[in-house]
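Participant: The following block contains the structure, expressed as structure tokens.
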Amino acid sequence: MVSKSNHSSEEELINLLKNKKETFWSNASLKPYHTLEDNLAIPIEDLHEAERLLQRFTPYLAKVFPETRKMSGIIESPIRGIPSMQQILEKRFQQSIPGNLYLKCDHELPIAGSIKARGGIYEVLKYAEELAIKHGKLTKDDDYSKLAHPEFKQFFSNFSIAVGSTGNLALSIGIMSAVLGFQVTVHMSVEAKEWKKQLLRDKGVVVVEHDKDFSFAVTEGRRQCQEESNCYFIDDENSKDLFMGYAVAALRLNEQLKKENITVDADHPLVVYLPCGVGGGPAGITYGLKYVFGDHVHCYFAEPTSSPCMMLGLATGKHEDISVQDIGLDNKTEADGLAVGRPSALAGRLVENMVNGIYTINDENLYKLLALLHNSEGISLEPSALAGMYGPASIDIQKQLSRMYDSRFSNATHLVWATGGCLVPKEIMEGFVSKGSKYLREED
């Protein structure tokens, strides 16, 4: 891994990215949280309101999605210790990982099987609530299980929802919208996997395929939606509602850590590693985590070497005004959920003073980590979800944090955010593991 901090020239960093070198970028714009909290672009009250909305919908979700009943309609994933994987990472990278390694299992999230179940489902529910209240069919004091009645499906069928996606956001929005009764169209970019398109069609979703990348699918979806009456476009590049749906995860994680007796304070840092595509998911979670844990949490984003859009946007300060194509990259990666050429206009600006750093990882290493996790812990993830797994072993990250914590870094909790995988068909997952195992054999 090549290290390039903000102190290196922008030209040097861009040359490394152009050549698809695995690179670490340290964010010199990181600021203490207490200096930011009085001027947050999105008020923290919005985060608590997002959590309250999700609570209002729990009776409905428990009724229409049986898989949510054991959690009483709450869409949440467990955290798991992965000590065997920690040992493998230490051996593989010849690098001790101080503290304990955990996996945040968003690949197990009910309904959509990925982190997108947070933001995507939240925004669909928020829109449904607004419509039902506006038309006098619902009040916030009602039992929301009434939304499962046929009259509501009929009502929502008068409205349509559209989204552009590389795959997982389309699944969350498509599945949730169709169950409510909305007419829903998803615009899928060239990276989208065939099985994801078929799953959506099986749910009654209209899938429009594009032979160009994510940004084109979003632009085209937005344009077509604007031409229709009663069409609501969920904009992965700019949506505050998606962002807040992700941010709620921080409130939930806080409770989970307490139940596991995991302390987060000045002597016990929490380090979180988040795969990054357009940026809304990892940025929303970072926003929430910083509110909950302040400077005791450290967030790192991970991107494919072919699609380092957030690193490019933050390192140059150009945000959405620069794309990976502008520096000669093709934005082609097996990590379909991360195959984004231009970062979110909203997300980058909201966390430019909160994220500690970003690193890139190549596809071959994603597959190797996928096979190693499967073999050591019996956990199956899709390739993009492994982007965060390198982070705990990164010497650049460890140097950065060791300077802050000295011996206290041995008390760290490392949390790798697993973003998707449980809906991947068995034969495709077996192919992923086989490919990763092949790469590992070729190493020997």
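Participant: So what's the net charge close to Gly421: Lys and Arg +1, Asp and Glu -1, counting the other residues with Cβ under 10 Å from its Cβ?
Facilitator: Residues close to Gly421 contribute a combined charge of -3.
Participant: Right, something else. Scan (i) 61, 45, 42; (ii) 57, 48, 45; (iii) 86, 53, 46 for the value of Cα extents along the principal axes in Å calculated from this model and give just the label.
Facilitator: Given (i) 61, 45, 42; (ii) 57, 48, 45; (iii) 86, 53, 46, the calculated one carries the label (i).
Participant: Tell me what the chain gives for mean residue ellipticity at 222 nm when only DSSP H runs of n ≥ 4 count, each as -39,500 (n - 2.57), the sum divided by the residue total, rounded to 500 deg cm²/dmol.
Facilitator: -13500 deg cm²/dmol
Participant: Another question, if that's okay. Order of 10-18, 162-170 by packing, highest average Cβ count within 10 Å first?
Facilitator: 162-170, 10-18
Participant: Could you work out how far helix 83-93 tilts from the main Cα principal axis of the chain, as a 0 to 90 degree angle to the nearest 10?
Facilitator: 50 degrees
Participant: Ordered by residue, what ³J(HN,Hα) values in Hz, to whole numbers, does the stretch 309-320 give under the Karplus form 6.51 cos²θ - 1.76 cosθ + 1.60, where θ = phi - 60° and Gly and Pro are x?
Facilitator: Computed from phi, the couplings for the stretch 309-320 are 5, 6, 4, 5, x, 6, 5, 8, x, 8, 6, 6 Hz.
Participant: Rolling a 1.4 Å sphere over the protein heavy atoms, what is the accessible area per residue of the stretch 174-273, to the nearest Å²?
Facilitator: 41 Å²
Participant: Turning to a different aspect of this structure: May I ask for the equivalent-ellipsoid semi-axes of the stretch 221-325, computed as the square root of five times each C-alpha gyration tensor eigenvalue and listed largest first in whole Å?
Facilitator: 31, 20, 10
Participant: Enumerate the amide H contacts of Leu415 below 5 Å, restricted to partners 5 or more residues apart or on another chain; note that Pro and chain-start residues carry no placed amide H.
Facilitator: Under 5 Å from the amide H of Leu415 lie the amide H atoms of Tyr102, Val271, Val272, Tyr273, each far enough along the sequence or on another chain.
Participant: Which Cα, out of Cys309, Phe93, Leu423, lies furthest along the positive dipole direction of the chain (beta carbon charges, K/R +1, D/E -1)?
Facilitator: Positive-end residue among those listed: Leu423.
Participant: By average Cβ neighbour count within 10 Å, what is the ranking of 213-224, 259-270 from highest down?
Facilitator: Per-residue Cβ counts within 10 Å, averaged per peptide and sorted highest first, yield 213-224, 259-270.
Participant: In addition: Ignoring ligands, DNA and RNA, what percent of the accessible area of the stretch 248-402 is carbon or sulfur (1.4 Å)?
Facilitator: 41 percent
Participant: Would you please put 314-324, 384-394 in order of how densely packed they are, using the mean number of other Cβ atoms within 10 angstrom per residue and starting with the highest?
Facilitator: 384-394, 314-324
Participant: Please determine, in degrees from 0 to 90 and to the nearest 10, the orientation of helix 116-134 with respect to the longest principal axis defined by the Cα atoms of the chain, where the helix direction is its Cα long axis.
Facilitator: 30 degrees
Participant: Could you give the size of the charge dipole of the chain about its Cα centre, using +1 on the Cβ of each K and R and -1 on the Cβ of each D and E, expressed in debye and rounded to the nearest 20?
Facilitator: The calculated dipole for the chain is roughly 720 debye.
Participant: Between beta-carbons, use under 12 Å as the cut-off and find the net charge around Arg80, counting Lys and Arg +1, Asp and Glu -1.
Facilitator: -3
Participant: Tell me the net charge near Gly167. Cut-off is 13 Å between Cβ atoms, Gly167 excluded, with +1 for each Lys or Arg and -1 for each Asp or Glu.
Facilitator: -4
Participant: Taking Cα centroids, how far is the stretch 412-433 from the stretch 161-197 in Å?
Facilitator: Here the two parts' Cα centres lie 20 Å apart.
Participant: Please report how far the C-alpha centroid of the stretch 243-267 lies from that of the stretch 8-66, rounded to the nearest whole angstrom.
Facilitator: Centre-to-centre (Cα) distance: 14 Å.
Participant: Right, here's the next one. Could you give the C-alpha radius of gyration of the stretch 312-444 expressed as a fraction of 2.2 N^0.38 Å, taking N as the number of residues it contains?
Facilitator: 1.19
The values are calculated or read from the model by the stated rules, or taken from the named source; none is laboratory data. Just so you know, these numbers come straight off a predicted model, no measurement behind them. Using ideal geometry, Cβ is built from the backbone for each residue, glycine included, and neighbour counts are taken over all protein chains shown. Accessible surface is based on the protein model in full, side chains and every heavy atom, while ligands, DNA and RNA are left aside. Shrake-Rupley method; radii C 1.70, N 1.55, O 1.52, S 1.80 Å.
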